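Here's the structure, in structure tokens; my notes come after.
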Amino acid sequence: MAPFEAQGEPPQGVGGQDPKMHFVYLIRSTSRANKTYVGMTEDVECRVSAHNEGHCPSTSRFRPWELITYIAVRSEDQARKLEGYLKTGSGHAFAHKHLWL
């Protein structure tokens with residue numbers, strides 16, 4: 001366990017400020033279980049709500065959506081690379097074996 005966890009304090013970023021996290025998330029349609037989507041955001045709850053409210057053209061036809069999992073990383077570049085990987089053939093295989101449970 002890291003020291004901040006033991007003390008109940010959040011991790012600190014550069015200069016003592018909270019680090020801004022970026023998230024790669026996986027959602028599944030509850031109306032058509034074979035429809036899935038991988039995306040990235042800084043606010044998972046808000047982004048899933050946007051999908052469910054029909055604000056995203058690529059997912060609006062398959063509403064509602066449920067959040068399956070998300071992965072937090074510290075940089076937008078890391079999130080973009082992970083999202084891109086999960087959309088490749090080997091990334092699909094990894095996600096289906098380990099994330100789409």
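The values are calculated or read from the model by the stated rules, or taken from the named source; none is laboratory data. Keep in mind the model is a prediction, meaning the values are calculated, not measured. Every residue, glycine as well, gets a Cβ built from its backbone with ideal geometry; the counts of neighbours run over all protein chains shown.
Residues in the stretch 42-81 that are assigned to a loop (DSSP other than H, G, I, E, B) and more than 12 Å from the chain's Cα centre (by Cα): E53, G54, H55, C56, P57, S58, T59, R63, P64, R74, S75.
Please go through the stretch 83-101 and give me each residue that is surrounded by 15 or more Cβ atoms within 10 Å (Cβ to Cβ), more than 12 Å from T41 (Cα to Cα) and not aromatic (F, W, Y), ordered by number. Please lay out each step first, then the result.
Applying the first criterion (surrounded by 15 or more Cβ atoms within 10 Å (Cβ to Cβ)) to the stretch 83-101 yields 83, 85-86, 91-92, 95, 99.
When the remaining residues are screened for being more than 12 Å from T41 (Cα to Cα), the result is 85-86, 91-92, 95, 99.
Within the stretch 83-101, L86, G91, H92, A95, L99 qualify.
Restricting to the stretch 82-99, give me the number of residues that are out of contact with any strand residue (DSSP E or B) (no Cβ under 8 Å at 6 or more places or on another chain) and either farther than 18 Å from K35 by Cα or in a helix (DSSP H, G or I) (or both).
Initial filter on the stretch 82-99 (out of contact with any strand residue (DSSP E or B) (no Cβ under 8 Å at 6 or more places or on another chain)): 84-85, 88-94, 96-98.
From what's left, either farther than 18 Å from K35 by Cα or in a helix (DSSP H, G or I) (or both): 84-85, 89-94, 96-98.
Residues meeting the conditions: 11.
Selection of first residues in the stretch 71-99 that are within 12 Å of V24 (Cα to Cα) and of second residues that are loosely packed, with under 12 Cβ neighbours inside 10 Å, restricted to Cβ pairs under 8 Å at least 6 apart or on distinct chains, gives the following pairs, ordered by first then second residue: R74/K20. The C-beta contact set for the stretch 39-68 (first residue at pLDDT 95 or above, second residue β-branched (V, I, T) and loosely packed, with under 15 Cβ neighbours inside 10 Å, distance under 6 angstrom, 6+ apart or interchain) comprises P64/T30; E66/T30.
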